[in-house]
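Data block below; observations after.
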Amino acid sequence: MSTGQPLLDACLAHLRALVACDTQNPPRAIGTGGIFDYLQAQLPGFRHELTDFGAGAVSLYSVRGNPRFLINVHLDTVPVSSTWTRDPFDLLVTADRAIGMGACDIKGAAAAMVAAARASDGDCAFLFSSDEEANDARCIAGFLKQPRAFDAVLVAEPTRAEAVLAHRGISSVRMRFAGRAGHASGANAAGDSAVHQALRWGERALNHVESLAHHRFGGLTGLRFNIGRVEGGIKANVIAPSCEVRFGFRPLPSMDTDELLQTFRQLGPYIPEEFEPTFFGASLPAGDTAAAETRRLAARDIADELGLPIGNAVDFWTEAALFSAAGYTAFVYGPGDIAQAHTADEWVALDQLQRVCESYVRIIENGRK
């Protein structure tokens, strides 16, 4: 087993190769070759299952031996922004960080997994997916259709090399208010305008969110809520006949998402003509308050067993919630800071890569059932 600087050097070599692979999503044009060819070549002695779920959603399940734990990481990145100051697909390593597209979110963890597997001959299972950055994720759902026994699932996301046991869920909604077109000079403009209806709904929605500020779970407080887009109307002197609103919210694990959706739909004073939830992701841990707390404690016991420091609950969503909802003990663990994710010139700290590499080696060496 190699540790210390040799292990970090191996990790950086793999990270350089992974960053060089363009896996932007969108355009979600990721095929079954490229980055997946590289990973299979670097994991000799593994059983590989490559699955194409269509539309750029590809997963690679790689197993050696009879492992207790599954480590999952997504390989897709957000699109490159115009504010990058250098080639995003050419890894730059400085004295304290590695800079490149996806280095933080979350190819650094993928590189650490490969380096750890090559540094140890222990049992391990990896699931590489390529569609986390889309609102049409298929890889995890497809994987979960076939029952597999693991003591726990570790989902790699930027958590500063700490085990995160709880995070918010996420829901997105599109709704449309219907008004009645007419001349804006009329006394009926206040109620007939679909834009006015949307604005009044928005005021009530914000007040309702404020009323939930006292709710707590695992260090998180209240409901995160955002009205992201309001679009409607024709011009200033025409009563708006239609207005579309897109909003999202991030509930605590202890909050009932269906109940929240029903509340937002019926807030009034005007009821939307259309109300369509467009995306849903459960909280971590999944389940009602009692079940979620039981699952959180089970994840804490596994993290303690593996010698992983436990961090605070986080506001961002991860696919660990999908594993939790399927009945697995799941938590989030990986190198990098979420503040660097999706940014230009994103980077991951070398000391965190080193720490996660060593943790993965320890997990692999103690991972046989």
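The values are calculated or read from the model by the stated rules, or taken from the named source; none is laboratory data. These numbers were taken from a predicted model, which means no experiment stands behind them. Cβ: placed from backbone, ideal geometry, glycine included. Neighbour counts: every protein chain shown.
Taking F225, is it in contact (Cβ under 8 Å) with a residue 40 or more places away in the chain and not in a loop (DSSP other than H, G, I, E, B)?
No; evaluated as a whole, the condition is false for this residue.
Would it be correct to say that A125 is closer than 20 Å to Y333 by Cα, touching a Cys at 6+ places or on another chain (Cβ under 6 Å) and of a type outside the set (K, R)?
no
Go through A95, A103 for me and flag whichever is touching a Leu at 6+ places or on another chain (Cβ under 9 Å) and either of a type in the set (D, E, K, R) or closer than 21 Å to I71 by Cβ (or both).
Only one candidate passes the filter, namely A103.
Condition check ((1) crowded, with 20+ Cβ neighbours inside 10 Å; (2) assigned by TED's automatic domain parsing to the domain that holds R148; (3) under 30 Å from P79 (Cα atoms); (4) out of contact with any Asp or Glu (no Cβ under 9 Å at 6 or more places or on another chain)) across all residues:
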{"residue": "L308", "(1), (2), (3), (4)": "yes, yes, no, no"}
{"residue": "G311", "(1), (2), (3), (4)": "no, yes, yes, no"}
{"residue": "T318", "(1), (2), (3), (4)": "yes, yes, yes, no"}
{"residue": "F323", "(1), (2), (3), (4)": "yes, yes, yes, yes"}
{"residue": "V332", "(1), (2), (3), (4)": "yes, yes, yes, no"}
{"residue": "G336", "(1), (2), (3), (4)": "yes, yes, yes, no"}
{"residue": "H342", "(1), (2), (3), (4)": "no, yes, yes, no"}
{"residue": "R355", "(1), (2), (3), (4)": "no, yes, yes, yes"}
{"residue": "V361", "(1), (2), (3), (4)": "yes, yes, no, yes"}
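Please work out which one of (1) farther than 17 Å from A163 by Cα; (2) surrounded by 18 or more Cβ atoms within 10 Å (Cβ to Cβ) is the condition A290 fails and give its number.
Of everything listed in (1) farther than 17 Å from A163 by Cα; (2) surrounded by 18 or more Cβ atoms within 10 Å (Cβ to Cβ), A290 misses just condition (2).
I'm trying to understand the selection: among the residues of the range 33-62, which are under 22 Å from the mean Cα position of the chain (by Cα) and among the polar types (S, T, N, Q)?
Answer for the range 33-62, where residues must be under 22 Å from the mean Cα position of the chain (by Cα) and among the polar types (S, T, N, Q): T51, S59, S62.
I'd like to check which strands (runs of 3 or more DSSP E) are fully inside the range 273-369 and have at least 2 residues that are on the phi > 0 side of the Ramachandran plot and at pLDDT 95 or above.
Once the strands (runs of 3 or more DSSP E) in the range 273-369 are filtered for at least 2 residues that are on the phi > 0 side of the Ramachandran plot and at pLDDT 95 or above, nothing remains.
Is the range 184-191 home to any residue that is in contact with a Cys (Cβ under 8 Å, 6 or more places away or on another chain), touching a residue at least 40 places away in the same chain (Cβ under 8 Å) and either surrounded by fewer than 17 Cβ atoms within 10 Å (Cβ to Cβ) or of a type in the set (S, T, N, Q) (or both)?
No, the range 184-191 contains no residue that is in contact with a Cys (Cβ under 8 Å, 6 or more places away or on another chain), touching a residue at least 40 places away in the same chain (Cβ under 8 Å) and either surrounded by fewer than 17 Cβ atoms within 10 Å (Cβ to Cβ) or of a type in the set (S, T, N, Q) (or both).
I'd like to know if the range 205-213 contains one or more residues that are closer than 30 Å to G311 by Cβ and either assigned to a loop (DSSP other than H, G, I, E, B) or over 29 Å from the mean Cα position of the chain (by Cα) (or both).
yes
Going through A213, A236, A205 one at a time, which residue ends up being within 26 Å of F331 (Cα to Cα) and out of contact with any Lys or Arg (no Cβ under 9 Å at 6 or more places or on another chain)?
A213
In the range 119-142, what residues are within 20 Å of I364 (Cβ to Cβ) and in a helix (DSSP H, G or I)?
Answer for the range 119-142, where residues must be within 20 Å of I364 (Cβ to Cβ) and in a helix (DSSP H, G or I): just A119.
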